[in-house]
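What follows is a single structure, written as structure tokens, with notes after it.
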Amino acid sequence: MIKTLNKKIDNKNLLLLVLAFFTIAVGLWGNYRQLWLADNGLSAASIAKVISISSVVAALSLIFFTQKFTINKLKKGMLVTIIIKIFIFLFLLIIDKHNQLFLIKFLSFFDIACENIIITSVYPYIMCYQKSDKLYGKKSVVENLGKTIGVLIGSIIFGRIIAGYELGYKTCILISMIFCILAFLTLLIIKDKQNSKITENKLNIFKYLKDNTILIFYLIFNILTNISYNLVVGLKMLMLTTFNNFSTQSATYLVLFLAIIDIVLGYLSIEKLKSKNDYLNISIKFLIRIFIYLLVLVSNSKLVLLLSISYTLITNVAYGSIINGFITNSVKEKQVLDFTVLNYISTLFGEAIGIFIAGLLYAKGYKYILLVAAFIVIIQLGMAYRIIYKKNKQIF
């Protein structure tokens, strides 16, 4: 029966299903992780450090991962990583509320690392079968849709009382574990492509980057993009519950609503709203961010802060494939896994820096956080224009 099902369902779609199941777990637990850490005695600055260091641990883990698991062995590495993630969930259940701060931090490092390894690995695996800007866009939509469904599940169950038991963080961990198991079982039934053109004989990735300097330029752009994004929304649940006085449930509903808008706009930007002028598309995304961030500085208004967080969240996916899809799909097949890993490493370092700075500035006030974010977005917009220029030169 499994073999028959495997024949009927395209492996690309099965891999997207793996990504969907896994990101549901990521979205559900990721939405409450910061509040759970706070509930276990960590301050906002400490939480920012934990997440930042976790991103660095994830980056180092990815370097090890890509050395041990070439693209032809990607499935095995992903299966092992999901198993580790499941066991981490089990340990988190055990140590909750037991004042084990060192273990909480230690396990959180590797918990986030496992998340990033799996999400990093999906698209290179899909590229064994097909690659296109549209498919890359679909992967981004599925990833964000999965996270949104996770947030939705949390909004439904969190704080509910069933048979005298209040559903909370432990329930979220258990449900996240179930979705990780579903991702594991789905991945298990995928049969590797026979006679794949991607071989084990890879060129040196750093020599490849040296010969393709636009890729180095893009990696720097990606770091800046993630610094500015995570400055604004990296600590969104803490910011919403502290600065804007939202309850945990209300903040979850808001994040869910914004995530749904993000997915819809992301899909529409792929299918309907994509102008032939990429400069215009990318300007819509970033110029409005700059304006709103600076407006926060001038007004010092919590309402404008809420608007800033909201607009940043709903424009996460939209027009991402203009640059990200173009760059990823321009990489040679033999280098795609190594470059994708380097790309995610740059993403993780950007996240780490952004959240770390947000943690440092948290006590000073949100307007300083948005000021730094605005300055970085101005730089990244200029870099985006340069990449689009190179893209148009190559195409036309």
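The values are calculated or read from the model by the stated rules, or taken from the named source; none is laboratory data. Every value quoted in this text rests on a predicted model; they were computed, and no experiment measured them. Note that we place each Cβ from the backbone using ideal geometry, even for glycine, and neighbour counts take in every protein chain shown.
Screening the candidates ILE323, ILE378 for the property of being surrounded by 20 or more Cβ atoms within 10 Å (Cβ to Cβ) and hydrophobic (A, V, I, L, M, F, W, C) yields one hit, ILE323. Residues in the range 307-354 that are modelled with pLDDT of 80 or more and acidic (Asp, Glu): GLU351 only.
Just one of the listed residues (THR213, THR248, THR242, THR252) is of a type in the set (Val, Ile, Thr) and farther than 28 Å from LEU37 by Cβ, and it is THR213. The set of residues in the range 288-303 that are surrounded by 19 or more Cβ atoms within 10 Å (Cβ to Cβ) and in contact with a Leu (Cβ under 7 Å, 6 or more places away or on another chain) comprises ILE292, TYR293, VAL296. Of the listed requirements (1) more than 19 Å from the chain's Cα centre (by Cα); (2) in a helix (DSSP H, G or I); (3) modelled with pLDDT of 80 or more, LEU268 misses just one: (3). Can you give me the number of residues within the range 333-359 that are within 14 Å of VAL372 (Cα to Cα) and of a type in the set (A, V, I, L, M)? Summing the residues that are within 14 Å of VAL372 (Cα to Cα) and of a type in the set (A, V, I, L, M) in the range 333-359 gives 4. Exactly one residue out of LEU342, LEU307, LEU287 is assigned to a helix (DSSP H, G or I), free of Cβ contacts under 8 Å to residues at least 60 places away in the same chain and over 14 Å from the mean Cα position of the chain (by Cα), and it is LEU307.
Pairing residues of the range 21-46 that are within 16 Å of ALA259 (Cβ to Cβ) and crowded, with 21+ Cβ neighbours inside 10 Å with residues that are at pLDDT 90 or above and aliphatic (A, V, I, L, M), at Cβ distances under 7 Å and at least 6 apart in sequence or on separate chains, gives ILE24/ILE149; GLY27/ILE149; LEU28/ILE153; LEU28/ILE175; TRP29/ILE173.
Listed by first and then second residue, the pairs with beta-carbon distance under 6 Å, at least 6 apart or on different chains, first residue in the range 166-191 and within 16 Å of VAL18 (Cα to Cα) and touching a residue at least 40 places away in the same chain (Cβ under 8 Å), second buried (at least 18 other Cβ atoms within 10 Å of the Cβ) and of a type in the set (D, E, K, R), are CYS180/LYS85. Taking (1) modelled with pLDDT under 80; (2) touching a Lys or Arg at 6+ places or on another chain (Cβ under 6 Å); (3) hydrophobic (A, V, I, L, M, F, W, C) in turn, VAL57 satisfies each apart from (2).
Of all residues in the range 160-213 being of a type outside the set (A, V, I, L, M), closer than 30 Å to LYS97 by Cβ and in a loop (DSSP other than H, G, I, E, B), which is modelled with the highest pLDDT? If we take residues in the range 160-213 being of a type outside the set (A, V, I, L, M), closer than 30 Å to LYS97 by Cβ and in a loop (DSSP other than H, G, I, E, B), then GLY168 is modelled with the highest pLDDT. All conditions in (1) surrounded by 16 or more Cβ atoms within 10 Å (Cβ to Cβ); (2) outside any helix (DSSP H, G or I) hold for ALA363, with the sole exception of (1). Sub-9 Å Cβ pairs linking a first residue in the range 49-70 that is over 14 Å from ASP111 (Cβ atoms) to a second residue that is at pLDDT below 60 and of a type in the set (Lys, Arg), at least 6 apart or interchain, are THR70/LYS202, ordered by first then second residue.
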